[in-house]
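Bear in mind that the values in this text are calculations on the coordinates, not laboratory data. Computed from a predicted model, the values in this text were never measured in an experiment. With ideal geometry, Cβ positions are generated from the backbone for all residues, glycine too; neighbour counts draw on all protein chains shown.
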Amino acid sequence: MYASIANVPPPVNEPVRAYLPGGSERATLEAELASQAGTVVEIPCVVGGKRIYTGRVREVTMPCEHGHILARVHLGGPAEVEGAVAAAESARHDWAMLPWEARAAIFLRAADQLTGPWRDRVNASTMLGQAKTVHQAEIDAACELIDFWRFNVAYYRQMMAEQPPAHTPGTWNRTDLRPLDGFVLAVSPFNFTSIALNLPTAPALVGNTVLWKPATTSALSCWYLFDMLESVGLPPGVINIVNGDGGDVGPLMYARPELGGVHFTGSTGVFQSMWHDIGTNIARYRAYPRIVGETGGKDFIVAHPSAEARSLAVAIVRGSFEYQGQKCSASSRVYVPRSLWPAVRAACAEMMAEMKQGDVRDFSNFVAAVIDQRAFRKHHSWLERLRAETEIVSGGHAHGETGWYVQPTLARVDDPHHDLLSTELFGPIAGVFVYEDADWAQTLRLVDTTSPYALTGAVFSNDRYAVEEALGVLRHAAGNVYINDKPTGAVVGQQPFGGGRSSGTNDKAGAPANLMRWVSPRSIKETFSPPTDWRYPFLGAR
Ligand code: NAD
């Protein structure tokens, strides 16, 4: 036991390592890549700390070399869901009663482990399993995850310190940040290892127990990180893993009366179906479940005629094609004035011709493969359609013989309402609409109304009036907006991330706003000298 009001280590964003040719950072990572490529990992469900190998397996393959098996994921079913709910419920009391510093220490230790030997392991598994280049893996699985864990601890301390005023004589008011009255269901997407881990760990930090369903395609990196969390003292039952197809196991999970909350990141359609099912079950729950979801996007870049062509082109190619466009924040619709288009077109085409695409183990590649065959097939058929209907500035083809390779593609459309400018494709395909310079104001309204999403967006302009006008018209068109910068790459503690409209509940991952969703505050009033007479003074006779 101890009596203290502890300070926490001041969080600082984790520096991004360079992995330069010939350096030791690259050498140890390459050794780890080779070792993981030579291993097939069996990934169990984990219920109350017990590893369950169900025998119903799904293979995890390398997107860059799809014949290569990295892992076999053991899928859960009704028995595992039942066991996981029971384990989460039985761990709840002890976990919530631990001093908050003890819970925080587990995640601070985990962050520290990622600065050491675990960094190569999680980067290599993110590279091989999710087809991220070394830089994309480093900024996600290492840096952003470390930032989530360190900043969340500092935010939690700050939230607890925010107490009501205690200046009314004779009374004392306090706020108790209780965890939710039930388990939290965390359902994670394939595309960010950091998000996949933040979804279960943010609610756990503040005292909740969790049932976690990772995406099967990112199961390898998720598994290594769970293993690491256990190695730094995460107790059994606090986070329980049930692997499986969302459509099979999801409904079993949110049919449970003990459901206290849902922490989801993924596509808009899945989130809406979950919300619908939760609504159908609403009378069964012990308490109204908190529903937090960060979902799809159709993120824009809109350039004013005063914009600088080359930096705009860099933003288009980096923003649209890094990680094969599989970031929820990736730009996928671009609005360029006619006067700038020839220069922007030429610069984009030149840069895209230079970009190499291939296996992530060749560090000279800038783009790699899309996540799986389903994504590849979707993009393949979109490219067929775009070759017929649009002007292809660069790219336009896909090759799936060895890996799921879809060329970065920039396509210009004449119709500002073409599906290419409103549908989330989640791949390396971006649409361009060229507008008349005089139509700036009208174009801003077009940007605001063309898609149902509102996640990220960027405005390029050297005219301050134009920037302010865009920020006004597009106020609800993006939860994260950038001025003269690409719309990707939000940093924890600097640009809290999340969007509105069909893009999510905007509960800003990596910010106090998100952690507040996982607590249910209790107000405590204490009266030092309670009254002993029931009558109020106003009742007295004249
Ligand atoms: P997805 O919706 O296909 O899957 C996400 C998770 O939901 C997976 O674990 C999946 O198995 C599960 N799932 C699927 N159907 C389910 C159901 N009926 N019930 C319960 N769970 C179910 O998304 P994805 O392909 O993994 O990720 C890409 C999507 O995620 C894109 O739409 C992208 O924009 C979005 N995304 C958004 C953000 C953000 O912050 N807004 C961040 C990353 C990704």
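All C-alpha to C-alpha distances of the stretch 115-193, sorted into 10 Å bins beginning at zero, yield P(r) values of 15, 29, 24, 18, 9, 5, 0 percent in whole numbers. Applying both filters, DSSP loop and at most 16 other Cβ atoms within 10 Å, to the trypsin sites (Lys or Arg not before Pro) of the stretch 42-76 gives Arg56.
When both the stretch 44-109 and the stretch 352-404 are represented by their alpha-carbon centers, they are found 33 Å apart. Compute the distance from the alpha-carbon center of the stretch 526-542 to that of the stretch 480-496, in whole Å. Spelled out, the Cα-based centre of one part sits 57 Å from the other. Think of each Lys and Arg Cβ as +1 and each Asp and Glu Cβ as -1; about the Cα centre, that makes the dipole of the stretch 122-176 roughly 140 debye. Between Asp419 and Ala79, the simple label model (points 7 Å from Cα in the Cβ direction) yields a spacing of 4.4 nm.
Potential lengthening of the chain between Gln163 and Asn281 amounts to 39.0 nm, from the contour at 0.36 nm per residue minus the alpha-carbon distance. Legend: translational diffusion of the stretch 414-542 by Stokes-Einstein, Rh = Kirkwood radius over C-alpha pairs, 4 °C, 1.567 mPa s; D = 69 µm²/s.
Each residue, Glu101 and Asp437, gets one label point 7 Å from its Cα in the Cβ direction; the gap between the two is 6.5 nm. Residue order for Ile146, Ile291, fewest other beta carbons within 10 angstrom first, comes to Ile291, Ile146. For the listed peptides 201-209, 8-16, 443-451, a ranking on the average number of other beta carbons within 10 Å per residue, highest first, reads 201-209, 443-451, 8-16. What's log10 of I(q)/I(0) for the stretch 299-483 at q = 0.12, 0.13, 0.14, 0.20 Å⁻¹, Debye sum over Cα points only, no solvent? Log-scaled intensity ratios, in q order: -0.52, -0.62, -0.71, -1.41. The charge dipole of the stretch 299-483, taken about the Cα centre with unit charges on the Cβ atoms of Lys, Arg (+1) and Asp, Glu (-1), comes to about 340 debye, rounded to the nearest 20. For the stretch 177-313, the relative contact order works out to 27 percent when only alpha carbon pairs closer than 8 Å and six or more residues apart are counted.
With respect to the cross-link table entries Lys50/Lys132; Lys298/Lys356; Lys378/Lys508; Lys298/Lys327, which display a Cα-Cα separation exceeding 22 Å? From the list (Lys50/Lys132; Lys298/Lys356; Lys378/Lys508; Lys298/Lys327), the Cα-Cα distance tops 22 Å for Lys50/Lys132; Lys298/Lys356; Lys378/Lys508. Using C-alpha pairs below 8 Å separated by at least 6 residues, the relative contact order for the stretch 363-405 is 49 percent. Maximal additional length on extending the Glu526-Asp463 stretch stands at 17.0 nm, based on 0.36 nm per residue less the C-alpha distance. Semi-axes of the equivalent ellipsoid for the stretch 209-297, computed as √(5λ) from the eigenvalues of its C-alpha gyration tensor and ordered from largest down, come to 24, 17, 11 Å.
Across the chain, Cα pairs under 8 Å and at least six residues apart give a relative contact order of 17 percent.
Label reach from Leu20 (point 7 Å along Cα→C-beta): in the stretch 127-150, amide nitrogens under 19 Å belong to 134-136, 138-139. Counting neighbouring beta carbons within 10 Å and listing from fewest to most, the residues Leu211, Leu197 come out as Leu211, Leu197. With 10 Å bins beginning at zero, the pair-distance distribution over Cα atoms of the chain amounts to 4, 18, 27, 25, 16, 7, 2, 1, 1, 0 %.
Neighbour counts of other Cβ atoms within 10 Å put Asp463, Asp147, Asp415 in the fewest-to-most order Asp415, Asp463, Asp147. Here the Debye sum runs over all C-alpha atoms of the stretch 166-219 as equal scatterers in vacuum, and log10 of I(q)/I(0) at q = 0.18, 0.27 Å⁻¹ comes out as -0.63, -0.99. With the charge dipole of the chain set up from +1 on Lys and Arg Cβ and -1 on Asp and Glu Cβ about the Cα centre, the Cα lying farthest toward the positive end among the listed residues Thr409, Val8, Ser273 is that of Val8. Dipole check for the chain: with +1 at the C-beta of Lys and Arg, -1 at the C-beta of Asp and Glu, and the Cα centre as origin, the magnitude is about 1280 Debye. Taking 7 Å steps out from each Cα toward its Cβ at Gln272 and Gln494 produces label points 3.5 nm apart.
Is the C-alpha gyration tensor of the stretch 1-95 telling us rounded, prolate or oblate? Criteria: a/c under 1.5 is rounded; beyond that, a/b larger than b/c is prolate, otherwise oblate. In terms of gyration-tensor shape, oblate.
Packing, as the average of other Cβ atoms within 10 Å across residues, places the peptides 119-127, 294-302, 215-223 in the order 294-302, 119-127, 215-223, highest first.
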